[in-house]
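*Asks:* Pasting a structure below so you can have a look.
Every read-out reported here was derived from the displayed coordinates using simple, explicitly stated rules and does not represent laboratory data. Only a predicted model underlies this, so the values are computations on that prediction, with no experimental measurement involved. Note: ideal-geometry Cβ built from the backbone for every residue, glycine included; neighbour counts use all protein chains shown.
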Amino acid sequence: MKRIGLISLLIVVLAATALFAGGQPEAQEPAAAVESTDGFNWRQFDGQTIVACWPNHGHYNATIKSGVIEEFEELTGIDVEIDLLQYIKMHDKQVLEMSKAGGGDYDMVSMVVMWKAEYAMGGMIEPLQPFFDNPKLAVPDYDYDDLVPGYVEVTGIAGGDNIYMNGNGAKLYGLPFGSETSFLVYRKDLFDQYNIDVPETYDDLVEVAKFFHENVDGVGGLTMRGASGHHATHGYLLHASPFGARILEKGTWEPAFTKPESIKTIEFMKKMVEYGPPGITGYTQDEEWQAFLQGDAAMYLDASVFTGAVNDPAKSKVVGKVGYALHPTAKTAGSETGGFGLAIPKNAMNPEASFLFMQFLTMKETERKIIEAGGAPFRMSSANDPALQAKYPEFKVLAEQLKYANADWRPIIPEWGEINSTIGVYINQALTGEKTPEKAMQDAVGPIRDVLVRAGYLK
C-alpha cells in the first residue's frame, strides 16, 4: 500500500484511537446478495490503483493500523493509496478534485455527514444502488441490513423531497465508516464515593452537575462545547434533540429555534456553564475533552468517539474510573448522529475497484479487525456481540443508545455549513450573558432566513 498525505504511517499508527456512531433509513436498499462468497471474482480489477481521501481521525487511523488495506491489496491485486488530510482541509480539496472534468485524483472520499447533501445534489458523488445491483460487483453475504440504520441514513441518504433524509426520491450515496452517536460518560469512582445515581433525565443532570460544582473541589459538573460558531451549535444540538427543539421546521424550512423548546435548551446550557468547569463558553471539542480527561469534570455528554481517549493512559488521568450510560431524556430520548462515511466521486477513474474497496472495508469480518485496532462499530451485530461487549463495556450502552439515535438531529441541507457557523455565534452570546436566550435566538432569525431565501427554500 502506497501512501500520500501530510503524516507518516508511524504517526498514523501512534495516533490511532477509538470512536463511535448512530441513526435510521429506509431508502432503496441494495439487492440481497447470493448466499456465499464462493465464486466472487475479487481480482477482476487486478493492476488498478485507487486513491482515497481520508481524514487523520481515530477510526481511519485504526483502519490503517489494522492491516486490512494490505489484506485487500493481496486479495484483489488492487493498489491503494491514501491521501491522509487534516479534517478541516478535506472539504475544499475534495470539491476541487471532484469538479475536474475528465477525472480527478480521488476514487474514494471520506465525507463528514454535513457534506453529503452538498456533494450528492451537486452531482459530485455516485449513487451506490447501481453498484449494489450489479452482481459482478456486489459482494455476496455483505448484509447491508446489519449496518446501523441511523448511520446509513445520516451518512449516505440524500436527495428527494427531504433533501438530507430518507423519503420520496432519496438515494443512497455513501456508507458509514467512522460514525458516531452520543452517550453519557461519567466518573464512576466519584459517583460511587458520593452515592450518586447516574442521571436518567435532564432534571437529574442539572441536580448532579450542581452537586459536584458545590461539593467537590476542582470538579465541575458537565463538560460541554460552547465556543462561538460551530462548537456552540454542536453543543446546542446535543441537547436540543431530547428537548424536542429544531433548527428549521419540517417541510416549511422556516426557522424554529425561537420556540420554547429551543429556549429551554439554551437555559439548560447556561446552567451547565455555571456548574461546569471554568471557561466553557470558549470550549471547542478539544477543551471539552481535556476537562474530563484531566479530571476537571464529573460528566461528559457528547460524541461517542471520546471513548478512545478516555481509555488511553497517555491522554487520560481517569482510565479505569469511568462508567457509560444512555443519553438522558427530556421531552424525548434522542442522541446525536454524525461522523464520517465513504463515497465514490462522479469523476473517479476507477469507480468499480473503489466500490470493492468500500464493501471490503465495511464487511463484518473487516469491521472486527478495525475495532480490535481501536476503531468504532458501525454494524448492529458488533454492537450487540456479547464477546465485544465484555471486552468493551461501552458497546452494551452503545447498542441500546442506537435505538434512539436521531438521524434528523440537524438539517444538513447543502447550506448547513453557513447556518451552523452563524447560529453558533448567537448561541454563544446567550451562553456568555451578552444576550438573553430569547433575544439571541430572535436576532439569529434574520441572518438564517437570508441564507434560506438566497438558497430558494423561502421567499
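*Asks:* At 7 Å along Cα-to-Cβ for each site, give me the label-to-label distance between ASN215 and ASP145 in nm.
*Replies:* With each label placed 7 Å out from Cα toward Cβ, I get 4.9 nm.
*Asks:* Estimate the FRET efficiency between THR436 and SER99 by the formula 1/(1 + (r/R0)^6), using the beta-carbon distance for r and 56 Å for R0, to the nearest 0.05.
*Replies:* So the FRET efficiency works out to roughly 0.80.
*Asks:* If you plug each phi of segment 302-311 into the Karplus form 6.51 cos²θ - 1.76 cosθ + 1.60 with θ = phi - 60°, what whole-Hz ³J(HN,Hα) values come out, in order, with x for Gly and Pro?
*Replies:* With the stated coefficients, segment 302-311 comes to 6, 4, 5, 4, 4, 4, x, 5, 4, 8 Hz.
*Asks:* Please give the Cα centre distance for segment 282-304 versus segment 390-417, rounded to the nearest Å.
*Replies:* Segment 282-304 and segment 390-417 have Cα centres spaced 18 Å from each other.
*Asks:* Under 13 Å Cα to Cα from LYS136, which aspartates and glutamates show up? Leave out anything in the same chain fewer than 8 places away.
*Replies:* The qualifying aspartates and glutamates are ASP38, GLU352.
*Asks:* So, one more: Per-residue HN-Hα couplings for segment 130-147, Karplus 6.51 cos²θ - 1.76 cosθ + 1.60 at θ = phi - 60°, whole Hz, x for Gly and Pro?
*Replies:* Taking θ as phi minus 60°, the curve returns x, 5, 5, 7, 8, x, 6, 10, 7, 6, x, 6, 5, 6, 4, 5, 7, 4 Hz for segment 130-147.
*Asks:* Another one. Run the reach check for LYS364 against aspartates and glutamates, Cα to Cα strictly under 14 Å, same-chain hits fewer than 8 apart removed. What comes back?
*Replies:* ASP141, ASP143, ASP145, ASP146, GLU372, ASP385
*Asks:* Could you compute Rg(Cα) / (2.2 N^0.38 Å) for segment 92-132, with N its residue count? Don't skip to the answer; put the middle values down first.
*Replies:* On the way: Rg = 10.3 Å, N = 41, 2.2 N^0.38 = 9.0 Å.
Against the compact-globule rule of thumb, the ratio is 1.15.
*Asks:* Between ASP161 and VAL319, what is 0.36 nm times their sequence separation minus the Cα-Cα distance? Round to one decimal in nm.
*Replies:* Values: separation 158, 0.36 × 158 = 56.88 nm, distance 4.64 nm.
The span from ASP161 to VAL319 would gain 52.2 nm if fully extended.
*Asks:* Can you give me the span-like helices of the chain, meaning DSSP H runs with 18 Å or more of Cα extent along the axis and Kyte-Doolittle mean at or above -0.5? Display every interim value, and only then the final one.
*Replies:* Numbers: long enough: 202-215 (19 Å, -0.45); 230-243 (19 Å, -0.26); 260-275 (22 Å, -0.42); 416-432 (24 Å, 0.24); 437-454 (26 Å, -0.23).
Long hydrophobic helices here: 202-215, 230-243, 260-275, 416-432, 437-454.
*Asks:* Continuing with the same structure: Using 7 Å Cα-to-Cβ label points, what is the TRP42/ILE88 separation (nm, one decimal)?
*Replies:* It is 4.0 nm.
*Asks:* How large is the helix-only mean residue ellipticity at 222 nm for the chain, computed as the sum of -39500 (n - 2.57) over DSSP H runs with n ≥ 4, divided by its residue count, in deg cm²/dmol to the nearest 500?
*Replies:* Numbers: 20 runs with 192 residues, N = 459.
The per-residue figure over the chain is -12000 deg cm²/dmol.
*Asks:* Between GLU267 and LYS364, what is the FRET efficiency for a Förster distance of 51 Å, r being their Cβ-Cβ separation, to the nearest 0.05?
*Replies:* Approximately 0.70, to the nearest 0.05.
*Asks:* With a sphere of radius 12 Å drawn around the Cβ of LEU248, what net charge do the other residues whose Cβ falls strictly inside it have (Lys, Arg +1; Asp, Glu -1)?
*Replies:* Working: positive: ARG246, LYS250, LYS259, ARG410, ARG449; negative: GLU249, GLU254, ASP408, GLU415.
Once positives and negatives cancel, what remains is +1.
*Asks:* Distance check, please: which entries in LYS315/LYS396; LYS271/LYS331; LYS321/LYS369; LYS210/LYS315; LYS331/LYS459 exceed 30 angstrom between their Cα atoms? Show your work: numbers first, answer last.
*Replies:* On the way: LYS315/LYS396 24 Å; LYS271/LYS331 18 Å; LYS321/LYS369 27 Å; LYS210/LYS315 27 Å; LYS331/LYS459 32 Å.
Beyond 30 Å between Cα atoms: LYS331/LYS459.
*Asks:* Follow-up. If you wrap a convex hull around the alpha carbons of segment 182-325, what volume per residue comes out, as a whole number of Å³? Numbers along the way, then the final one.
*Replies:* Values: hull volume 15.0 nm³, N = 144.
Output value, Cα hull per residue: 104 Å³.
*Asks:* Then there's this: How about segment 113-212: which trypsin sites (Lys or Arg not before Pro) there lie in a loop by DSSP and see at most 15 other Cβ atoms within 10 Å? It would help to have the intermediate numbers written out before the result.
*Replies:* Working: sites: LYS116, LYS136, LYS171, ARG187, LYS188, LYS210; in loops: LYS136.
Qualifying residues, ordered by number: LYS136.
*Asks:* What pairs from LYS93/LYS171; LYS65/LYS391; LYS116/LYS346; LYS264/LYS403 go past 22 Å between their alpha carbons?
*Replies:* Values: LYS93/LYS171 25 Å; LYS65/LYS391 19 Å; LYS116/LYS346 13 Å; LYS264/LYS403 25 Å.
Pairs exceeding 22 Å: LYS93/LYS171; LYS264/LYS403.
*Asks:* With only Lys, Arg, Asp and Glu charged, each at its Cβ (+1 for the first two, -1 for the last two), find how big the charge dipole of the chain is about the Cα centre; round to the nearest 20 debye. If you can, show how the numbers build up before the last one.
*Replies:* Working: 38 positive and 61 negative charges, 173 e Å.
Its charge dipole is roughly 840 debye.
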